[in-house]
Amino acid sequence: MKKRSKVSAEFSMSSLTDIIFLLLIFFMLTSSMVQINIKLPESNSTTIAPSDLIVMLTKAGDLSFNGKKVSKKNLKKTVRSALSKMSNKKNADLAIVAEVGVPWKKINDMIVLAQSLGISAHIATQPRK
């Protein structure tokens, strides 16, 4: 009788897929908890306008589009790209979320950008206390 003692060169992928799945769930849950708290200007407006295109400006000069940092020179291209992927382009609008203390010139630049792309823009505010 011959003894068969072959070494198996197989790799079990089942445990690896479990780990990747758990990491995916972890990052999905923690990413939704991340919030950026900035102080918005106050207004008496009670209208809530939902938007898929959101530009955020901070006093420090940071600029982000839909939660991702972007440079000012790449912003127009990024917004145009996101606009082209939208199904409802006719009703698209740009929400400008500007922290208290951001110079009006920078906010106006975002309004001009929206007009150049043929979309409307609105400025996000918080209700007066």
Given the pairs Lys69/Lys90; Lys69/Lys106; Lys68/Lys129; Lys73/Lys106; Lys105/Lys129; Lys59/Lys85, which span a C-alpha to C-alpha distance of over 23 angstrom in this model?
Lys69/Lys90; Lys68/Lys129; Lys105/Lys129; Lys59/Lys85
Normalised by the number of residues in the range 42-127, what is the relative contact order in percent for Cα pairs under 8 Å and 6+ residues apart?
35
Amide H neighbours of Asp93 at under 5 Å, excluding residues fewer than 5 places away on the same chain, with H built from the backbone geometry, are Asp52, Leu53
HN-Hα J couplings of the range 15-25 from phi, Karplus 6.51/-1.76/1.60, θ = phi - 60°, integer Hz, Gly and Pro as x?
6, 5, 5, 4, 5, 5, 5, 5, 5, 4, 4
Ile123 long-range amide H proximity, modeled H, under 5 Å
Ile96
Would you kindly compute the Cα radius of gyration of the range 42-127 and its largest Cα-Cα separation (Dmax), both in Å?
12.4, 35
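Every number here is computed from the coordinates shown, using simple stated rules; none is lab data. Because the structure is a prediction, the values reported are computed rather than measured.
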